[in-house]
Amino acid sequence: MSLKDRLTELRQKGLTDIQQSGDLKDVNQIRVSLLGKKGPITEVLRGMRDLDASERPKVGAFANEVRDDLTNALTKRREELENAVLNARLAKEALDVTLPGTPVAKGEPHVIQQIIDQIEDLFLGMGYQVLSGPEVEEDKYNFEMMNLPKNHPARDMQDTFYITKEILMRTQTSPMQARTLEKHDFSQGPLKMISPGVVYRRDTDDPTHSHQFHQVEGLVIDKHITMADLKGTLQVLAHELFGDKFDVRLRPSYFPFTEPSVEADITCFNCGGKGCNVCKNTGWIEVLGAGMVHPNVLKMAGVDPDVYGGFAFGVGPDRFAMLKYGVDDIRNFYLNDVRFLTQFTKKG
Amino acid sequence: MKISYNWIKEYLDLDVSAVDLAEKIERTSVEVDSVVKPSDGLKKIVVGHVLSVKAHPDSDHLHICEIDVGDDEPSQIVCGAPNIAEGQNVIVALPGSRIADNVKIKRSKMRGVESDGMVCALQEIGFPEEVVPKAYVDGIYVLPADAQPGSPVFDILGMNDSLIDLDVTPNRGDMLSLNGTLRDLAAIYDRPVTLDTPHVTEAGEAIDSQLSLHVDDSLSPQYRMRLVRDIKLAPSPMWLQVHLWNAGLRPINNVVDITNYIMLKYGQPLHAFDYDKFSGQDVYVRTAKAGETLTTLDENDHELDPTDIVIADSQAPIALAGVMGGLSTAISDQTVTVAIEAAVFEHDHIRKAAQRHHLHTDASQRFERGVNQAGVQDALDAAAQMLNDLAAGTVQTGTAVGSNHQPEAAVIPLTLTHVNAVLGTDLTMDQVSHILETLGFTVKVAGDDLTVTVPIRRNDIHIPADLLEEIARIYGYDNLPVTLPTGRMTQGRLTPAQRLMRATRKSLEGLGLNQAISYALTTEDKAQMFLTHPDSQLTKLAWPMSVDHAVLRMNMVTGLLDDIAYNTARKVKDVALYEQGRVFYRQEGQDRPAEEEHIAGAITGQLVPAAWNQPAQDVDFYQLKGIVAAYLQDMAVKGDVTYEPNTEMPEMHPGRTADILIHGHKIGFMGQVHPTIAKRFKIGATYVFDLNLQAIIDMPKQENQYDVISRYPAITRDIAMLVADDVTNEQVVALIERRGGAYLQSVKLFDVYDGVKVPKGKKSLAYTLTYQDKHATLVDDAVTQAFEKVTKRLQDELDAEIR
Ligand SMILES: [Zn+2]
């Protein structure tokens, strides 16, 4: 048998053995027995010494070819077997992907906070500052500087928790307007502010009344602020909180600290303006009070009403949340039932 | 105030429905609470003429009546009303009719007797009881004799009218009358309106010889009386009664009804006295004297206050001025001489008197807001003439005038430029002056300037801004342009404190706590628990609504415990809450408390819910400590955070409470609520923290910075040791850190054991020490050396037994 035939036979047998090998151990054994230092191919190569010098390169090349073929076949077979093992293991590892994920601790912002943050962000984007004042206020800032002198009949409209004759729980966040107006340097630019916070009224708690609730007051004072600007600002607010298809309309009202004073309605979100029992068939829902700042308020804060003017508005996040989500009892906001708190989690 | 649509239409030519009119009023003038047509929802209710009344054989109170309801045959109707009688015209609900509250009337049998309908009281067809004439409150109503049997009752009773209920704001006293409303509507619809001008026929003696008024004009700037003799007291005619009950007032008799009618029409409250009951001819308007009392018309006794304005005769008060008349001079069946008062009273006095005596009347409501001071005599004359027309009275000659101060009309300068600058409009001078003129204002125009004279009746208009409101509302708010403020730019940004508060909330939410907002007003007891400011005094409300919300909180924890109690009572067992808010510390001698921002949390049950692959793990001290530590790390306050045991807080578990210090300054506490306190709140084991957020805000912060990550490998060594029970982890770590050598990077506790294998009084602690040289590969020998050194120190200084 020529060396070449011997190599051909070795290749044939080797490839068959490799193909038939059942596991990685077999493959390894075949590799050692065929290609090892004591293996037949090494043997054959050793026998090349006896060949004619002209034959040697041919046989050498063929022997390398055979060795490469076998090496490739071994590698391929090893990969096949490894894959089979891996696949078998992975098959065993299969999970029920429908089982629930492991719970994580997750907290949510209060729904009122969400609304306040949303209002803050809107007005920050329009160049307003956010200011918060004391919750225990002086009568002077809560009422007098808001153009509500001691005997003003409108004081009956808001029942107040007094601590002493001059100290009270603020009934609105507008005292911060007076405090800021007093200090603001108009040579540095207009005053644009909102003041969010907790306010208190002497009410008995029931589904629609709470002795504690929230308010966000807004104030813009400059040389050329118009009522049309107020209308536009309230529209932006309504669009932000409720959606772009909501309209705002103004109605005359009365607040001692604004003149003209208006009440703002927005399109009823229950019926889209067609009329329903939520909006008492008007298609509109009252959401906030606003107006052009009363000259007396400016004067009392040391601002010249002949030069400066502007608008103010006050919104109730509690009322907004009740309207927006159909919350039927304002006390829900302050009793902190976890089942209530975790309902307002949509962030997308 | 309820105003009649039909009454308005008598004066104003309007081609709009009641609902549209109400909408217009709401958009332009004052809020409208409701528009009600009383006959809505009612049907087949007709006039019946009672032909005969017989007693029911099987009842002691039912009657069997034959009633002509306009059909060929009379109907037999069983009726239980005590006042039904032959010859009356009554209200009959026919079979198939619908009466109040959507009740359907069917043909029926009552105690075996067929009844073809029902004879109705006014209440049964929707009248509120308080407007039903007293004579008919407990029985059926008797219609006028000329009512046609079979015809619907609605027109007779004024029930086809529409009643617009105005919610008049405190500034618009003028809208509390027909005349005021008509004037506003004339401007809104730009139509002319002519109001009635009263003419009195005087016949009797001069009033001055019969009545003498003595008025303190600082209390009553206008005070007038007329005297009408030979009155025939009777029920008012139907049309007048209809006006009253449709406005929500009960018809009483022609004299009282006339005064109420004039009030509705002119907005001027009047009072009718029985002149013959006066003690003498002198009437005084003064403040009450000490000890004086008055029994008012509603038969309530009042002790008068020295600031109450009273009307008095020479003996005693006879009326609480502007609020309610006195019983002693009330109009009664015997009255033949009536003194009618028309006046203006100081609104402050009236407001306080109404509050003090809990008498909020139609009169006080109007005086508080201010009546038309230019129309007092008109109202008085109109009333006197009606007493002549409807009660056959003789109006005595002249008016007694006790005081007569006519206010000056306000004259307000305005410019067209200003109007447009404030409203953002482009109105012309013609538009502006036309609007003001339709409101009844007098306008003088010169170039850009307007000079506006305001009629006395509009006592709410004083300054240019008031005129702007008039112009804006009549022009229409819908017609205003929609713009945003322009002008100099401003920067909108949160302050560092506001940013930190937002970061605080985000951090704690990320750590698993839900934001709570609790009541800041609480009980005295709760306010003083969990105190971190032991010297703080309670801040109490002067007039709390309830003891539950009577004082300001001085801690944040009790509010959260209330929340947990609320959840626990509703079987919600796992609660993790945080709250950011203020506590109120008051120093002795000060009225106003300091407000300190706090951040607090409370957890009960499990923080992470148990699941199929996660065992239940009740919250414990260390879980809460992990949250607090992670939060404080987020806030990046400079300085070490340390925890010191606090055994002194009475509301906290003495062995499971720690003060939290930053750089040695106490900023709060954390730990387990004392079991007896938890029991009082009816809650389970609860862990809480309460931190002074203001302190955290004020403390210097670390900045984020980049540290090169070492390319050289780290080497670790573990050490386990037995130490005495009272040696703390903090002591061990501090010692290792102090003596660990230059390459020690970190010390991490990985095991604590004090089980059976550990001698009594000892515990086992195990730490991993990590060494690294940032600039070179660390030599093992160097680590071994450092480790041996620290081991020795632990043995020497803490008596540690290395295992
Ligand atoms: Zn609706």
For peptide A:161-172, the mean count of other chain Cβ atoms within 10 Å per residue Cβ is 4
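Could you compute the net charge surrounding B:Leu219? Neighbours are other residues with a C-beta less than 13 Å from the C-beta of B:Leu219; K and R count +1, D and E count -1.
-3
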Using a 7 Å offset from the Cα along the Cα-to-Cβ direction at both B:Phe750 and B:Asp426, what is the distance between the two label points in nm, to one decimal?
8.0 nm
So how exposed is B:Asp174, as accessible area in Å² (1.4 Å probe, rounded to 10)?
20 Å²
Proximal lysines to B:Lys760, defined as alpha-carbon separation beneath 26 angstrom and excluding residues fewer than eight positions away on the same chain
B:Lys748, B:Lys792
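Please work out the FRET efficiency for the pair B:Asp301 and B:Asp167, using the Cβ-Cβ distance as r and a Förster radius of 30 Å; give the result to the nearest 0.05.
0.35
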Degrees between helix B:254-266 axis and first principal axis of chain B (Cα, 0 to 90, nearest 10)
60 degrees
Subtracting the Cα-Cα distance from 0.36 nm times the residue separation, let me have the gained length for B:Leu195 to B:Asp725 in nm, one decimal.
181.0 nm
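Regarding segment B:344-409, what's the average projected area of the Cα-atom convex hull, expressed in nm²?
5.9 nm²
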List the trypsin sites (Lys or Arg not before Pro) within segment A:195-286 that DSSP assigns to loop and that have no more than 11 neighbouring Cβ atoms inside 10 Å.
A:Lys245, A:Lys274
Which residues does the label zone of B:Tyr622 cover in segment B:726-742, counting backbone N under 12 Å from a point 7 Å along Cα→Cβ?
B:729
Taking the Cα atoms of segment B:447-520, report the difference between the largest and smallest coordinate on each principal axis, in whole Å and largest first.
67, 36, 24
Can you give the Kirkwood hydrodynamic radius for chain A, in Å, rounded to one decimal and based on Cα pairs?
27.0 Å
Probe 1.4 Å, all protein chains present, accessible-area order of B:His358, B:His653, largest first:
B:His358, B:His653
Rounded to 10°, Cα long-axis angle of helix B:178-189 versus longest principal axis of chain B
70 degrees
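What longest region of chain B stays clear of GluC sites (Glu not before Pro) that DSSP places outside H, G, I, E and B and that have at most 14 other Cβ atoms within 10 Å?
Values: sites that count: B:Glu86, B:Glu299, B:Glu408, B:Glu588, B:Glu648, B:Glu703.
It runs B:87-298.
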Take the alpha carbon atoms of segment A:17-78, find their center, do the same for segment B:753-803, and report the distance between the two centers in whole angstrom.
58 Å
Could you work out the equivalent-ellipsoid semi-axes for segment B:715-802, taking the square root of 5 times each eigenvalue of the Cα gyration tensor, largest first, in whole Å?
25, 12, 10
What does the extension gain come out to for B:Thr768 and B:Lys679, with contour length at 0.36 nm per residue minus their alpha carbon separation?
27.9 nm
Given the whole protein assembly as supplied and a 1.4 Å probe, what does the accessible area of B:Met545 come to in Å², nearest 10?
80 Å²
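Please report the equivalent ellipsoid semi-axes of segment B:1-47, computed as sqrt(5 x eigenvalue) of the Cα gyration tensor, largest first, in whole Å.
Sorted largest first and rounded, they come to 23, 14, 9 Å.
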From largest accessible area down, sort B:Asp308, B:Asp301; use a 1.4 Å probe on the protein chains.
B:Asp301, B:Asp308
Cα pairs beyond 50 Å in the protein assembly as shown, in percent, come to 51 percent
Per-residue mean of other chain beta-carbon atoms within 10 angstrom of the beta-carbon, peptide A:113-124?
2
What is the local net charge at B:Val47, summed over the other residues whose Cβ is closer than 13 Å to its Cβ (Lys, Arg +1; Asp, Glu -1)?
-3
Just check segment A:4-66 against the gyration tensor rule for me: Cα atoms, a ≥ b ≥ c as the square roots of the eigenvalues, rounded for a/c under 1.5, and otherwise prolate or oblate depending on whether a/b exceeds b/c.
prolate
For segment B:374-428 and segment B:69-135, what is the centre-to-centre distance using only Cα atoms, to the nearest Å?
46 Å
Assuming R0 = 30 Å, what is the FRET efficiency of B:His663 and B:Asp796, from their Cβ-Cβ distance, to the nearest 0.05?
0.55
What's the average, rounded to a whole number, of partner chain beta-carbon atoms within 10 Å of each residue's beta-carbon in A:256-265?
4
For segment A:180-236 versus segment B:527-595, the gap between their alpha-carbon centres in whole angstrom
27 Å
Which trypsin sites (Lys or Arg not before Pro) from segment B:659-741 combine a DSSP loop assignment with at most 10 other Cβ atoms within 10 Å?
B:Arg711
Working from the alpha-carbon coordinates of chain B, get Rg over Rh, Rh being the Kirkwood radius.
1.18
For B:Asn459, what is the net charge nearby, where nearby means another residue's Cβ is under 9 Å from its Cβ and Lys, Arg count +1, Asp, Glu -1?
+1
Taking the alpha-carbon distance from B:Lys109 and a cut-off under 22 Å, which lysines remain once sequence neighbours fewer than 8 residues away in the same chain are dropped?
B:Lys43, B:Lys44, B:Lys54
Could you give the length gained by full extension between B:Gln537 and B:Ala776, i.e. 0.36 nm per residue of separation minus their alpha carbon distance, to one decimal place?
79.9 nm
Calculate, for B:Gln148 and B:Asn83, the FRET efficiency according to 1/(1 + (r/R0)^6) with r their C-beta to C-beta distance and R0 22 Å; round to the nearest 0.05.
0.50
So what's the back-of-envelope 222 nm ellipticity for chain A, counting only DSSP H runs of four-plus at -39500 (n - 2.57) apiece and dividing by all residues, rounded to 500?
-12500 deg cm²/dmol
Listed residues B:His775, B:His598, B:His347 arranged by accessible area, highest first, probe 1.4 Å:
B:His775, B:His347, B:His598
Set of segment B:459-475 residues, backbone N closer than 12 Å to the point 7 Å along the Cα-Cβ line of B:His434
B:475
Treating the angle as unsigned and between 0 and 90°, give the value, to the nearest 10°, between the Cα long axis of helix A:24-35 and the longest Cα principal axis of chain A.
40 degrees
Take a quick pass over segment A:1-159 and tell me how many lysine pairs come in under 19 angstrom between Cα atoms, counting only ones 8 or more apart or on separate chains.
11
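The values are calculated or read from the model by the stated rules, or taken from the named source; none is laboratory data. Please read these numbers as outputs of a predicted model, since none were measured by experiment. Reconstructed Cβ throughout: ideal geometry from the backbone, glycine too, with neighbour counts over all protein chains shown. Surface areas here come from the heavy atoms of the whole protein model, side chains and all, with no ligands, DNA or RNA. Shrake-Rupley method; radii C 1.70, N 1.55, O 1.52, S 1.80 Å.
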